[in-house]
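Heads up, the thing below is written out as structure tokens.
The values are calculated or read from the model by the stated rules, or taken from the named source; none is laboratory data. The shown structure was predicted, so the numbers you read here are calculated from the model rather than taken from an experiment. Note: ideal-geometry Cβ built from the backbone for every residue, glycine included; neighbour counts use all protein chains shown. Note: areas computed on protein heavy atoms with side chains; ligands, DNA, RNA excluded. Shrake-Rupley method; radii C 1.70, N 1.55, O 1.52, S 1.80 Å.
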Amino acid sequence: MNQEEINELLALAAITAISPPEIQSIEELATASPDIDLELRSLRNVVSTLAYNEKPLAVPVSLKHRLFDRIQKQSNSSDFIALRSEDRQWQPHPIEGLLMVVLKRDLEKRQISSLIRATRDVEYPAHHHKTGEEILMLAGELIDRGVTYRAGDYLYSEAGSHHAPLAIAGCMFFVRTSLDDTFI
């Protein structure tokens with residue numbers, strides 16, 4: 001290896017532009033040669049000060065706001081969510097006669113997971129599924145497509161399907177569906 005190749009490898013090692021095994025080989029070479037070691041340390045010192053020699057870039061305010069919003073969302077997100085049954089806050093559902101507890105709203109996937117409870121018999125308006133819909137019956141009865149479902153029954157409606165289930169007073173179920181479902 002000639003001096004020009006060594007100098008090139010030293011520069012690449014200083015800016016970590018080569019693989020870790022290659023950097024290790026250069027460091028071993030530097031350990032064996034005081035001149036190479038001095039050159040590698042000198043180059044690394046220069047590299048470490050390069051950023052301080054540049055004038056800061058003007059960052060658009062809109063970019064700062066988007067970045068700070070993203071950081072805030074990430075710092076507020078958790079890989080674990082728990083909602084205790086005693087902490088549930090039943091809210092009126094947009095369809096009269098139903099109450100709901102939103103368990104999770106995923107805006108990226110455009111999905112919502114919730115518990116639904118019927119306070120009276122309610123015919124849910126016919127609706128079209130943007131993505132699949134899952135229902136797990138927890139209590140009472142739900143009639144869909146002429147079939148009565150009870151606690152423990154599971155229903156899955158494919159994306160593109162539509163239906164108009166009848167929730168019988170007192171029934172409660174878990175549902176995961178798209179935020180983009182539409183009424184027919």
Exercise for review: For E86, indicate whether it is within 20 Å of T182 (Cβ to Cβ) and open to solvent by 50 Å² or more (accessible area, probe 1.4 Å).
Suggested key: no
Revision key, fill the gap. Residue pairs qualifying under the 8 Å Cβ cut-off, at least six apart or on distinct chains, with the first in the range 164-184 being charged (D, E, K, R) and the second being open to solvent by 60 Å² or more (accessible area, probe 1.4 Å) and assigned to a loop (DSSP other than H, G, I, E, B), are D180/R110; D180/K130; D181/K130
Point to revise | Subset of the range 92-108 (residues that are surrounded by 11 or more Cβ atoms within 10 Å (Cβ to Cβ) and either at negative phi or out of contact with any Ser or Thr (no Cβ under 8 Å at 6 or more places or on another chain) (or both)) | key: P92, H93, I95, L98, L99, M100, V101, V102, L103, K104, R105, D106
Check your understanding: Can you find a residue in the range 153-162 that is free of Cβ contacts under 8 Å to residues at least 60 places away in the same chain, surrounded by 12 or more Cβ atoms within 10 Å (Cβ to Cβ), among the acidic types (D, E) and within 19 Å of H93 (Cα to Cα)?
Key -> no
Check your understanding: Within the range 119-134, can one find any residue that is among the hydrophobic types (A, V, I, L, M, F, W, C), open to solvent by less than 30 Å² (accessible area, probe 1.4 Å) and under 17 Å from L179 (Cα atoms)?
Key -> no
Study note, to complete from the structure: Residue count, the range 32-52, condition farther than 16 Å from M1 by Cβ and either of a type in the set (K, R) or loosely packed, with under 11 Cβ neighbours inside 10 Å (or both), comes to 9
Exercise for review: Go through (1) without any contact (Cβ under 8 Å) to a residue 24 or more places away in the chain; (2) within 18 Å of N2 (Cα to Cα); (3) surrounded by 10 or more Cβ atoms within 10 Å (Cβ to Cβ) and name the single condition F68 misses.
Suggested key: (2)
